[in-house]
1. How big is D, in µm² s⁻¹, for the range 158-198 by Stokes-Einstein at 10 °C and 1.306 mPa s if Rh is the Kirkwood radius over C-alpha pairs?
2. If you plug each phi of the range 212-225 into the Karplus form 6.51 cos²θ - 1.76 cosθ + 1.60 with θ = phi - 60°, what whole-Hz ³J(HN,Hα) values come out, in order, with x for Gly and Pro?
3. Quick one: go through the range 185-209 and flag any residue whose amide nitrogen is under 20 Å from the point 7 Å out along the Cα-to-Cβ line of Ala230.
4. Between Thr114 and Met27, what is the spin-label point distance in nm, taking each point 7 Å from the Cα along the Cα→C-beta axis?
5. Quick check: at a probe of 1.4 Å, how many percent of the accessible area of the chain sits on carbon and sulfur atoms?
6. Can you give me the distance in nm between label points at Ile91 and Glu217, each placed 7 Å from the Cα along the Cα-to-Cβ direction?
7. Quick one: Debye curve from the C-alpha atoms of the chain, no solvent, what's log10 I(q)/I(0) at q = 0.07, 0.14 Å⁻¹?
8. Report Rg(Cα)/(2.2 N^0.38 Å) for the range 114-254, keeping two decimals.
Amino acid sequence: MTTANRPPIFAILAIQAVVFGGLYLAMPTVNALVGYGVPLFWQMSAQGLIAATVTKYFKFGWGWVIGQCVAPPLVILALGLGLPMWIYPVILILLVLVFWNVASNRVPLYLTNTETSAALLKLLPNKKSIRFVDLGSGLGGTLRYLASRSPESRFYGVESAPLPFIFSWCLRKLHGKDNLEFRFRDIWKEDLSEFDVVYCFLSPVPMARLFAKAQEELKPGSLFISNSFAVPDQKPDKIITVKDGRKTQLLIWKI
Ligand SMILES: C[S@@+](CC[C@H](N)C(=O)[O-])C[C@H]1O[C@@H](n2cnc3c(N)ncnc32)[C@H](O)[C@@H]1O
């Protein structure tokens, strides 16, 4: 793994640890200067501010910077609520099971909106029955939308985060859709040659590698559609701007 690909979570935790160490050493002097013991909440607020500044200095995105700033005081506030101690590891485990791919693949969970799903429906080739895959299918909403409106086609979701996968699998069972299937699998292990349309909404990080995989495996004439994220040095054949609040762009390549 190159430095550029290394999951940022380790650097983020390292920044908090170094700032914590520095503050721990500095606190006796600070307390002596101000003449009283600085309350823990303010110490942790200072920890958050310094960690956020260092994080920005190292050119991390604003999401990480804000997270670094608010996490330490939030931990102190949460401890002050007097909740039973088992709740914290349970919350942590649930978060890990949902955001499974943030640390390893740098892809969080956010969802395709209905306007974009409707635009995808219009893009489906006029072939009677097509095979469509959503790589990193999240909660499966896009596929449920498409599967119920295009019953002659088959829709596949590939997801490796345990909780989103279980959620989409259970909903599929409840709705009993025959043309919809979810696979608990890493997208890099999925053979793309069986699909006519590949859709993804991931992050900038995997796009170059994923496009190379699509070029290698997809049949000529298949579509590769990326929601929002460009492929470096690869101009899309078509760009569709969706009429939603964030003016979502669907970048489309014909293989
Ligand atoms: C931004 S969400 C998009 C969810 C869904 N496609 C949608 O548009 O609503 C990206 C999803 O990709 C999943 N993901 C990221 N890397 C993956 C990988 N290597 N294998 C399988 N799923 C992955 C994440 O767990 C997350 O659920």
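The values are calculated or read from the model by the stated rules, or taken from the named source; none is laboratory data. Since the structure is predicted, the reported quantities are computational estimates derived from the model, not experimental observations. Ideal geometry is used to build each Cβ from the backbone, glycine not excepted, and the neighbour counts take in all protein chains shown. With ligands, DNA and RNA removed, areas are computed over all heavy atoms of the protein, side chains included. Shrake-Rupley method; radii C 1.70, N 1.55, O 1.52, S 1.80 Å.
1. Values: Rh = 11.2 Å.
Value of D from the Cα-based Kirkwood radius: 141 µm²/s.
2. Coupling constants for the range 212-225: 4, 5, 5, 4, 6, 9, 6, 6, x, x, 6, 9, 10, 10 Hz.
3. Residues passing the 20 Å test: 200-209.
4. Going by the 7 Å Cα→Cβ label model, 5.0 nm.
5. 67
6. So the label points at Ile91 and Glu217 sit 3.8 nm apart.
7. Debye output, listed in q order: -0.34, -1.00.
8. Cα Rg divided by the expected 2.2 N^0.38 Å: 0.98.
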